[in-house]
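Visitor: Next up is a structure, given as structure tokens.
The values are calculated or read from the model by the stated rules, or taken from the named source; none is laboratory data. Given the structure is predicted, the values throughout are model-derived calculations rather than measurements. Virtual Cβ from ideal backbone geometry, glycine too; neighbours counted across all protein chains shown. We work out accessible area using only protein heavy atoms, side chains counted, and drop any ligands, DNA or RNA first. Shrake-Rupley method; radii C 1.70, N 1.55, O 1.52, S 1.80 Å.
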Amino acid sequence: MSTAGFNSQNGTGTGQAYANGPSQNPVALQQLPGVSYGMTHQPAYNPMQPKATTSPAPGLYPSGPYQPVPPVSSHQPGPQLSSYPSSPGQPLLSRPLMGGPPPHTPPQSSSPSPGPRLPPAQATPPPPPGVSTTSYYPNPQQPMAPAWQYNTATPPMGPATSMSTHPRGPVANHMNQAASLAAPSPSSSAAYSSAPTPHSTTQLSGPGITPTSMHGYHQPGTAPPPMNLMAPQTYQPSRPAYGPPPTGPPPTMKPTPPPTGPPMANATPPPPKTDAQCGGVVNNTLSPTEPDCEEDDIECPGAVAGNGPQASNSYNHVDNKMAGLTQPGPPGRHLGHYPSLPPGYQNTSAPHTTPPMHPAMQAATQPYTQAPQPYQQLPGGPGPAQLSPSLAAMSLQSSTPESLRAVNLLQERNLLPPTPVPAPTPCLPQDLQKINCNPEVFRCTLTSIPQTQSLLNKAKMPLGLLLHPFKDLSVAIEQLPVVTSSTIVRCRSCRTYINPFVSFLDQRRWKCNLCYRVNDVPEEFMYNPVSRSYGEPHKRPEVQNATIEFIAPSEYMLRPPQPAVYLFVLDVSHNAVETGYLNVFCQSLLDNINALPGDSRTKIGFITFDSTIHFYNLQEGLSQPQMLIVSDIEDIFLPTPDSLLVNLNECKELVQDLLKSLPNLFQKTMETQSALGSALQAAFKLLSPTGGRMSVFQTQLPNLGVGALQSREDPNQRASAKDIQHLSPATDFYKKLALDCSGQQVAVDLFLLSSQYCDLASLGCISRFSAGSVYYYPSYHHQHNPAQVERFQKDLKRYITRKIGFEAVMRIRCTKGMSIHTFHGNFFVRSTDLLSLPNVNPDAGFAVQMSIEENLDDMQVVSFQAALLYTSSKGERRIRVHTLCLPVVNSLSDIFAGADVQAITGLLACMAVDRSVTASLGDARDAMTNAAIDSLTSYRQSVLTIQQPGLLAPACLRLFPLYVLALLKQRAFRTGTSTRLDDRVSAMYQLKYQPLIYSMLMIHPALYRVDDLSDEGALNVNERTIPQPKVLQLSVEKLSREGAFLMDAGIVMYLWIGRNCHPNFLMQVLGVPNYAAVPENLYLLPELDTAESQRTIAFIGWLRDQRPFFPSLHVIRDESQLKPHFMQNMIEDRTESALSYYEFLLHLQQQISK
């Protein structure tokens, strides 16, 4: 498969039927005659662009001794590094742009068909009339180039249109009269309707939810008051508010115009129609221009129409324009005068306390409540009612805030703070700041959004969102509020869920904060279940919490919720039995089988394979499990389809008998072949009727039947300084099967336990495109590598018992004028903004890149909302909604002041992984270096008022060059150092789907001195004292032969013991008399009855508890084999193939000063 066919979304490979790329909108690919949006759109800044090489040598680092580099202009056009040449005769961008929407003209490849750039025609048939969607592209007449293509022709760039309209209304629950009385803007008045649009469908009560006269508020020991006005509604206070918020950009939504056809004669609305995202039946009874609030919605994840032809979408608002219909101006511009609301309509929330956490977690978990930075609005300032004028009058340039303080990186050596870096706080009024989404769940690279794309391009920083949408909130600051209601209040135009950042014009109307449509407040919403009062919709939980979960009524289902179904597919070849993993797996599942999430409907099944496929009949009534062997792997079939997946509660004894006998069953096998592809096909057939989770355990390269692979790794090239080959899949078999699984709500999790090359680049596709996870255990052996065995045991326990969501979809919405164009993570993109997630787990992260399509100069804030619809393991349909609000600014200094350096680094890592696969590793390395050069150049040229010598960075970005250097030395991107191909690909997968807080430890580990731990400044957690040592720089100069140092690198920890370490520490912590007695492969610290031992074990255990996976611990000495791995993480030091941090800074300065 050509590398050109592998992209950051679902990918398009040669001959593949699946072509659902990141930026290919089914609507944008249609030719709509006579329709033009006519906007002047700026190309987005893209750091992943191969510009003139700025690195000292190919791959950034010289292989020999460091030598100064001859000056090379960082902005002069250089040789094309992109694999995508531009159209003949068109000028090339000197540096391809990453991060923004693709240019208008699709590039024409001159290479012999490396894979279609756009989906084949049959994948996106013309849309039927009457189904509307939202486009992210300026002009649907012109197909957009995919977001991962570079060096395309520069689109025509007109001047940025300046909009003189007034702000679009208040941000919080107040009405800004000045905004509402402003005249409509001629440039945008056609896009909105000022009056509420008649709704063609109504909210239906689900079966069993009879409209009663009471709202139920479940509070222990109390009964709800008798109310005879609304349908049942339950708010569960046992889960407190402010769960962590989501991370992801919402798509731009176009409001639906009012209906023009005759009124419907029948009061009963037709069933809601669905589109390609739902796979349901399209309701063609509505007129093409009639608004349909159910279609194109997150409510439709049920039975997907497989991978066959899908119903596409058309533009209702485009149809209306073509029909010559007049559309009123935006709501809020000329709605007349609404009296100001009483003070009760301002959002308030009680202060909350934070339990002790790891500083990194604590910093990221603070829901924007840290001490305000100097440029933020002070407490006691204007409330939400005065937000628009107060923000408009704000200027961050009156006094230089701390985040913009110029730092000379070449002079200030100790830049690393002693505690983890906190997320920056958006410059919002205090009341909005308190209720904003938790940055651990929803985080933006820029906490101040530029008004225009051209302003964003000048800043030279990527704009994107990082999400952790299904984070386990049971241990978060405050638990997740859950609301049961027969009516879920949403905008009738863009389908945004009501949230804390909408505006209440009065008690009966609210204005959407994404599309600005005015909506009616339903009667049921007038009752507040928390205060048990009527007439205060602004105080309901939905409007007080940026993260909330709804128990969905029946109209959010296309089929009954599926049961929890678990299928385990186990490699039992000779190689697998030798590793000893089967014993660990069977024992772990036996120990935790009662903790498997589910209910009385839970099903379980097992398949084992070597050169044949083995099924297990576990039907109730059998005295023992029955093995059924299928040797025809070319035409796989299910021998007894009805008895292979059985009810766990009814057949638990048979399941336990099987788990006890499995390890002995294959103990003497000599079968060396592996028919993994056929086993996956069999598992897919077994799970297709219901959907569920497939857990695959593999120990070697598949070498038999479909999906067979051959070794592509050359061990002699592991330390090559040249480009790394074979980062893309060798076959599209696993990707195609993953897409089939996704269509049937099946996710595949891969556990790879091997000491040999297994081609993870190919095998990983089965998890990547089915929303699964990849667990990689290199050199796994039950005797030779006990640390990996311990890690496997702990990870497996977490995997078996953690929360899970089935048949999920996630949609990200954003304020009108912004758009999403690239997603990162494990999923299938079902449409431009809908992610198909057959399973969603609490350890999965996502990232999205965004662009600004329309000027935001009439807005003071923008909002992003991520909505995740899933089926719980108990069979409940639930919707988890996260909403993030950020201010809009019009100066570069304000943009820099709000830069989130860790979020920028995390998004840059995702983009670099894609660049490595679609182009080359060298291109990705150069692009990361260019990202640091560009941002610091922009700061120096456009923000600094007094030019000074040296390498200057704003305080908020002072760690950016260090993080970029850490990425260049990370296992995924390093060159010149021996790195196994599977290790490299595994690191790339982790950077793509790990939540930011965990991936940052893998990028820049934390180093602590632990031989002098004390109780000074310690935390008290569950009656345990947790020491808090300072974080040290990653340099050998910080080490001491007299000390002991702990390095936390995310998935692994190293405890380095100095040769002259004090005997007291060795005896009190390690239980050995001297340095020479420290065991060679020590991975468990003895639990000794000493204060030093208890402190050390408590600190390490506390670090481990802060993450969902289990990092193994290695105690190393100077003679240890693992010492080179420890030293490779000393990012600030020079190696044979990589620059030191100081040399890297000199290189940056050389490029910036040109």
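Visitor: Could you give me the ³J(HN,Hα) list for region 999-1014, computed from phi with Karplus coefficients 6.51, -1.76, 1.60 and θ = phi - 60°, whole Hz, x at Gly and Pro?
Guide: Coupling constants for region 999-1014: 5, 5, 5, 6, 7, 10, x, 9, 10, 10, 8, 10, 7, 10, 5, 9 Hz.
Visitor: Still on this structure, I have one more. What lysines sit close enough to K1123 to cross-link, taking a C-alpha to C-alpha distance under 22 Å and skipping anything fewer than 8 places away on the same chain?
Guide: K969, K1038
Visitor: For a label point 7 Å from the Cα of K874 along Cα→C-beta, name the residues of region 781-807 whose backbone N is under 15 Å from it.
Guide: The answer is 803-806.
Visitor: Looking at the square roots a ≥ b ≥ c of the eigenvalues of the Cα gyration tensor of region 619-689, which shape do they give, rounded for a/c under 1.5, prolate if a/b is larger than b/c, or oblate? Please list the in-between numbers first.
Guide: Details: a/c = 2.26, a/b = 1.19, b/c = 1.91.
Oblate is the answer for region 619-689, as a/c is 1.5 or above yet b/c matches or exceeds a/b.
Visitor: Measure off 7 Å from each Cα along the Cα-to-Cβ vector at E1087 and T487, then give the distance between these two points in nanometres to one decimal.
Guide: Each label point lies 7 Å from its Cα, and together they span 5.6 nm.
Visitor: Could you name the aspartates and glutamates in cross-link range of K794, using Cα to Cα under 14 Å and dropping any fewer than eight places away on the same chain?
Guide: D591, D1105
Visitor: Assuming R0 = 41 Å, what is the FRET efficiency of K803 and Q947, from their Cβ-Cβ distance, to the nearest 0.05? Let's see the in-between values first.
Guide: On the way: r = 54 Å, r/R0 = 1.32.
Taking R0 as 41 Å, the efficiency between K803 and Q947 is 0.15.
Visitor: Fully extended, how many nm does the chain gain between D635 and R1134 (0.36 nm per residue separation, minus their Cα-Cα distance)?
Guide: 174.1 nm
Visitor: For region 1030-1039, in order, what is each residue's ³J(HN,Hα) by Karplus, 6.51 cos²θ - 1.76 cosθ + 1.60 with θ = phi - 60°, in whole Hz (x at glycine and Pro)?
Guide: So the Karplus estimates, Gly and Pro as x, are 6, 7, 9, 5, 8, 9, 4, 5, 7, 7 Hz.
Visitor: Once you order the gyration tensor axes a ≥ b ≥ c over the Cα atoms, which shape class does region 1042-1154 get: rounded for a/c under 1.5, otherwise prolate or oblate by comparing a/b with b/c? The partial results should precede the final answer.
Guide: Values: a/c = 2.67, a/b = 1.90, b/c = 1.40.
Prolate, because a/c is 1.5 or more and a/b exceeds b/c.
Visitor: Across region 742-758, in residue order, what do the Karplus-derived ³J(HN,Hα) couplings come to in whole Hz, using 6.51 cos²θ - 1.76 cosθ + 1.60 with θ = phi - 60° and x for Gly and Pro?
Guide: So the Karplus estimates, Gly and Pro as x, are 4, x, 10, 6, 10, 10, 10, 9, 10, 9, 10, 10, 8, 9, 10, 5, 10 Hz.
Visitor: Compute the length gained on full extension between N1074 and H784: take 0.36 nm times their separation in residues and subtract their Cα-Cα distance, giving the result in nm to one decimal. Please list the in-between numbers first.
Guide: Numbers: separation 290, 0.36 × 290 = 104.40 nm, distance 2.54 nm.
Answer, rounded to one decimal: 101.9 nm.
Visitor: Under a point spin-label approximation (7 Å from Cα along Cα-to-Cβ), what is the E620-E1016 distance to one decimal in nm?
Guide: Label-label distance for E620 and E1016, simple model: 6.6 nm.
Visitor: Which of S819, L760, A771 sits closest to the plus end of the dipole of region 759-842, meaning its Cα is farthest towards the positive end, when Lys and Arg get +1 and Asp and Glu get -1 on the C-beta?
Guide: S819
Visitor: Pull out the extension gain between K1038 and L415, defined as 0.36 nm times the separation in residues minus the alpha carbon to alpha carbon distance; nm, one decimal. Intermediate results must be reported in sequence, preceding the final value.
Guide: Numbers: separation 623, 0.36 × 623 = 224.28 nm, distance 1.39 nm.
Using 0.36 nm per residue and subtracting the Cα-Cα distance, I get 222.9 nm.
Visitor: Moving on to the next point. Under 5 Å between amide hydrogens, which residues at least 5 positions from L628 or on another chain qualify, with H placed 1.01 Å from N in the peptide plane?
Guide: F615, Y616, N617
Visitor: Using a 10 Å cut-off on Cβ atoms, rank the peptides 500-509, 783-792, 637-646 from the highest mean neighbour count down.
Guide: Working: 500-509: 22.2, 783-792: 17.9, 637-646: 16.2.
With the highest mean Cβ count within 10 Å placed first, the list reads 500-509, 783-792, 637-646.
Visitor: Arrange the peptides 885-895, 1087-1097, 1133-1143 so that the one whose residues have, on average, the most other Cβ atoms within 10 Å appears first.
Guide: Working: 885-895: 22.3, 1087-1097: 16.0, 1133-1143: 18.0.
Ranked by mean Cβ neighbours within 10 Å, highest first: 885-895, 1133-1143, 1087-1097.
Visitor: Let me ask you something else. Please work out how much accessible surface T669 shows to a 1.4 Å probe, ignoring ligands, DNA and RNA, in Å² rounded to 10.
Guide: Rounded to the nearest 10, that gives 30 Å².
Visitor: Let me know the shape class of region 709-791, please: from the alpha-carbon gyration tensor, a ≥ b ≥ c as square roots of the eigenvalues, rounded when a/c is under 1.5, otherwise prolate if a/b is greater than b/c, or oblate. Each step should come with its number before you reach the end.
Guide: Numbers: a/c = 2.71, a/b = 1.21, b/c = 2.23.
Because a/c hits 1.5 or more and a/b fails to exceed b/c, region 709-791 counts as oblate.
Visitor: If you don't mind, another one. May I ask you to derive the FRET efficiency for N890 and D642 from their Cβ-Cβ distance with R0 = 45 Å, giving the value to the nearest 0.05?
Guide: On the way: r = 65 Å, r/R0 = 1.45.
Efficiency for this residue pair is about 0.10.
Visitor: Going by amide H atoms built from the backbone, whose H comes under 5 Å of the H on I1116, apart from near neighbours?
Guide: When sequence neighbours closer than 5 places are left aside, the close amide H contacts are L1055, W1056, I1057.
Visitor: Taking every alpha carbon pair in region 756-899, what does the distance histogram look like in 10 angstrom bins from 0, in percent?
Guide: Result returned by the calculation: 9, 29, 27, 20, 11, 3, 0.
Visitor: Between V889 and residues 5 or more places away or on another chain, which pairs have amide H atoms under 5 Å apart, with H built 1.01 Å from N, and which residues are they?
Guide: Here I449, Q451 satisfy the definition.
Visitor: May I ask you to derive the FRET efficiency for M670 and E1119 from their Cβ-Cβ distance with R0 = 30 Å, giving the value to the nearest 0.05?
Guide: Working: r = 39 Å, r/R0 = 1.29.
The formula returns an efficiency of 0.20 here.
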